């Protein structure tokens with residue numbers, strides 16, 4: 001399997017290094033409009049580098065492409081890749097709007113290529129364990145889910161994150177991890193109520209999601225948190241409680257000099273020396289799905305549902321009211337839960 005990476009920023013480096021480490025995958029090329037970034041990553045991985053998608057297509061052969069680009073570019077580059085007959089692994093969120101997400105899914109289906117979306121939380125052992133406790137009924141009837149995701153503002157290094165029409169803001173880009181976790185764990189969401197405070201380098205949001213089952217999920221997300229990035233989650237049911245906290249569950253923390261493109265003096269990496277990275281696990285899974293024709297653990301439809309809920313949260317913030325989501329019935333009719 002030959003893979004290429006388009007977008008050589010932070011996530012592009014993650015994808016490219018993961019592919020380069022896989023014996024069953026050949027990293028066929030990396031691409032970025034910033035030729036300096038692409039050539040640097042090409043030298044690091046031993047892959048050819050290109051400064052446009054068109055030159056990537058002309059200069060190398062590949063089966064699947066990782067789109068690790070700013071969110072507002074996802075739709076157009078998905079179409080370009082599909083037109084070229086390439087399978088696509090798109091970083092989350094799938095798009096800035098549900099309308100764009102639907103068009104991307106339909107476009108790929110029409111051209112016979114597969115579209116995967118990197119909702120990586122589904123590959124974290126802690127979150128997989130929590131979801132399994134719910135699925136197996138070990139927590140009884142679920143009452144509440146609490147989750148938070150707090151970190152520095154990425155706009156310090158990459159200004160486009162501060163533009164909501166480019167990144168989607170803290171809800172569409174950061175909270176969306178936990179929005180997907182709620183659907184995965186509790187099922188469909190019927191209503192959303194959200195609040196948000198944003199300034200130059202602060203973007204904080206809280207959202208209350210009520211599941212069709214009646215369970216209540218409270219989510220927090222913050223860009224501009226002054227401490228180290230961390231995540232925490234708790235699910236409580238009639239028979240027990242399960243919790244995870246990245247500050248307590250990681251066996252290894254590395255402080256190292258940051259990559260020059262990050263704009264920071266140092267970076268903190270949390271991982272375990274005993275297992276592969278979650279991003280490598282995610283990409284291996286998607287590659288295996290391509291090889292075997294199997295369904296992925298997280299589908300493009302799941303990514304669409306997550307952005308629908310994010311849109312509902314933004315609508316709630318605009319109106320000051322709870323927003324009730326509409327879903328498609330088994331007969332193909334739109335209905336409100």
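Residues are listed down the side, and each one gets a yes or a no for (1) more than 15 Å from the chain's Cα centre (by Cα); (2) modelled with pLDDT under 95; (3) more than 20 Å from residue 1 (Cβ to Cβ); (4) outside the structural domain of residue 11 (by TED's automatic domain parsing):
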{"site": "71", "(1), (2), (3), (4)": "no, no, yes, no"}
{"site": "83", "(1), (2), (3), (4)": "yes, no, yes, no"}
{"site": "87", "(1), (2), (3), (4)": "yes, no, no, no"}
{"site": "92", "(1), (2), (3), (4)": "no, no, yes, no"}
{"site": "101", "(1), (2), (3), (4)": "no, no, yes, no"}
{"site": "106", "(1), (2), (3), (4)": "yes, no, yes, no"}
{"site": "109", "(1), (2), (3), (4)": "yes, no, yes, no"}
{"site": "113", "(1), (2), (3), (4)": "yes, no, no, no"}
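Being within 26 Å of residue 242 (Cα to Cα) and surrounded by 17 or more Cβ atoms within 10 Å (Cβ to Cβ) narrows it down to one residue among 137, 118; which is it?
On the way: 137 fails: surrounded by 17 or more Cβ atoms within 10 Å (Cβ to Cβ).
None of the other options fit; the residue is 118.
What about residue 212, is it over 17 Å from residue 135 (Cβ atoms) and modelled with pLDDT of 95 or more? It would help to see each step written out before you state the result.
Values: over 17 Å from residue 135 (Cβ atoms): no; modelled with pLDDT of 95 or more: yes.
The answer is no for residue 212.
Which residue, of 151, 155, 168, is surrounded by fewer than 24 Cβ atoms within 10 Å (Cβ to Cβ), closer than 26 Å to residue 76 by Cα and touching a residue at least 24 places away in the same chain (Cβ under 8 Å)? Full working, then the answer.
On the way: 151 fails: closer than 26 Å to residue 76 by Cα; 168 fails: surrounded by fewer than 24 Cβ atoms within 10 Å (Cβ to Cβ).
Going through 151, 155, 168 in turn, the sole match is 155.
Can you list residue pairs whose Cβ atoms sit under 6 Å apart, with the first residue in the stretch 106-130 being free of Cβ contacts under 8 Å to residues at least 40 places away in the same chain and the second being surrounded by fewer than 21 Cβ atoms within 10 Å (Cβ to Cβ) and part of a helix (DSSP H, G or I)? Count only pairs 6 or more apart in sequence or on different chains.
These pairs meet every condition: 107/79.
The values are calculated or read from the model by the stated rules, or taken from the named source; none is laboratory data. As the structure is a computational prediction, the values presented were derived from the model and not from experiment. Every residue, glycine as well, gets a Cβ built from its backbone with ideal geometry; the counts of neighbours run over all protein chains shown.
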